[in-house]
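First up is the structure itself, then whatever we jot down about it.
Values in this text are rule-based calculations from the coordinates and carry no lab data. Values in this document were obtained by computation on a predicted structure and should not be read as measured data. Cβ coordinates were reconstructed from backbone atoms using ideal geometry, including for glycine residues, and neighbour counts include every protein chain displayed.
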Amino acid sequence: MKITEAFLKGCFVIEPKVFGDKRGNFFEVFNQKIFTEKTGLKVKFVQDNQSISQRGVLRGLHLQKGEFAQAKLVRVIKGKVLDIVVDVRKNSPTFGKHFSIELSEDNNKQIFVPKGFLHGFSTLEDNTIFSYKCDNYYHKEAEDGVIYNDKVLNIDWKLKKNEILLSEKDENLPSFLEFRQKII
């Protein structure tokens, strides 16, 4: 298992070693011991979530705040997404910077998203199955986020504007500047 830290401190890309033959393939999705050895982080996941989305679905940018903040380990089981994380830790040297990576059933990459990061993804193929582990339980009152098309963040979601499908909640998220006023 290869684990590489992204330029956003605490955010890691995980690439499993895939063993394949004429029957198919096998790989270890997560190993706590290896993860801790390579990152120095001790994470206890307590909740697994999964979504199925059609091409054009954009989910995000979300986070849980305060005592309900969550670290996540995200991956794609089937299909393909562009995964986005944004560092919103108050005193971080990369505050407001984002990192993107394509996650797919073909590359089997995962991303570890630390607490204090906004997270979202755009679905690039129909019937994409997206899965993620969380180290804290979901709490509705702790939800927060930033609108996907924020001009300050200027994220390229790899979709045309007319292709994007959003939930009503995601359509009404605040701008990054409004969000920033709440946390600083």
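Kindly flag which residue pairs out of K17/K78; K65/K151; K17/K151; K115/K151; K65/K97 have an alpha-carbon separation exceeding 29 Å in this structure.
Distance filter (> 29 Å) returns K17/K151.
Taking a quarter of the surface of the Cα convex hull of the stretch 86-160, what do you get in nm²?
6.5 nm²
Using the Cα gyration tensor of the stretch 25-67, with a ≥ b ≥ c the square roots of its eigenvalues, what is the shape: rounded (a/c below 1.5), prolate (a/b larger than b/c) or oblate (neither)?
oblate
Would you mind checking the pairs K33/K72; K90/K169; K42/K109; K42/K182 and listing those with alpha carbons more than 23 angstrom apart?
Exceeds cut-off: K90/K169; K42/K182.
Going toward the positive end of the dipole of the stretch 78-172, with +1 on Lys and Arg Cβ and -1 on Asp and Glu Cβ, which of I111, F130, L165 do you reach last?
I111
In a Gaussian network model over the chain where Cα atoms closer than 10 Å are linked, find which of Q47, Q110, Q70 has the largest mean-square fluctuation.
Q47
L41 versus R180, label points 7 Å from Cα toward the beta carbon: distance in nm?
Result for the modelled spin labels: 2.4 nm.
Between G116, G96, G24, find the one with the highest GNM mean-square fluctuation for the chain; connect C-alpha pairs within less than 10 Å.
Evaluated over the chain, the most mobile residue of the options is G24.
Hey, in the GNM for the chain with a 10 angstrom Cα cutoff, which one of L166, L61, L124 fluctuates hardest?
With Cα springs under 10 Å in the chain, the top fluctuation among L166, L61, L124 is at L166.
Once you charge only the Cβ atoms, +1 for Lys and Arg and -1 for Asp and Glu, what is the size of the charge dipole of the chain about its Cα centre, to the nearest 20 debye?
Result for the chain is approximately 460 debye, rounded to the nearest 20.
If R₀ is 25 angstrom, what is the calculated FRET efficiency for the pair I77 and T4, using the beta carbon separation as r and rounding to 0.05?
Once the sixth-power term is evaluated, E becomes 0.70.
Go ahead and run the numbers for FRET between K169 and D106, Cβ-Cβ distance against an R0 of 41 Å, rounding to 0.05. Before the final figure, lay out the partial values.
Working: r = 31 Å, r/R0 = 0.75.
It comes to 0.85.
Which cross-chain or sequence-distant (5 or more) residues have an amide H under 5 Å from the amide H of L165, H modelled 1.01 Å from N in plane?
For L165, the qualifying residues are V57, L58.
Could you point to the label whose value was computed as log10 I(q)/I(0) by the Debye sum over Cα atoms at q = 0.11, 0.12, 0.15 Å⁻¹ for the structure here, given (i) -0.42, -0.50, -0.79; (ii) -0.47, -0.56, -0.88; (iii) -0.69, -0.75, -0.94?
Structure-derived value, by its label: (ii).
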